[in-house]
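Structure first, then comments.
Taken together, the values in this text are just the output of simple stated rules run on the coordinates, not laboratory data. The structure displayed is predicted, hence computed values, not measured ones. Quick reminder, even Gly has a Cβ in these numbers, built from the backbone with ideal geometry, and neighbours come from all protein chains shown.
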Amino acid sequence: MKYIEINGKEYEVPELDFDAVCELEENGVNLLNLDRKNMKVASMVRGLVAWIMRSDTATASKEIEAHIAGGGNIGELFAAINEALTESRFFKRSGENQKVKKYPQDHQRKSDRRNNTHPSQN
């Protein structure tokens, strides 16, 4: 198990599983779309801290504010949480099972895609 320190208190990071991913999504944390450009880091950190603390987002916000007031910063908090989550069995297994699927349309010629036609229509 991984532990994370938030505002001078140590918390055990729960094991991430599919149910936890769903619970996090309900708190505004979409772990399955982390590669998005417009990621809301503050909202993600708050949702993750609430999940780790097993509390609501209002309580998590207060702890994050106290953490920052005590000399911490949101970036280090996010990095620590990210490290703990990427080491979870859920993400390790997900990474192992990820395969790029090729569909017939992926093999179209570029000119056909630009013209929105299929090779069989030529």
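Going highest first, how would you order 43-51, 6-14 by mean Cβ packing within 10 Å?
Averaged packing, sorted descending, gives the order 43-51, 6-14.
Where does each of Phe18, Phe78 land when they are ranked from fewest to most other beta-carbon atoms within 10 angstrom?
Phe18, Phe78
If we count other beta carbons within 10 Å of each Cβ, what is the order of Leu32, Leu85, fewest first?
Least crowded to most crowded, the residues run Leu32, Leu85.
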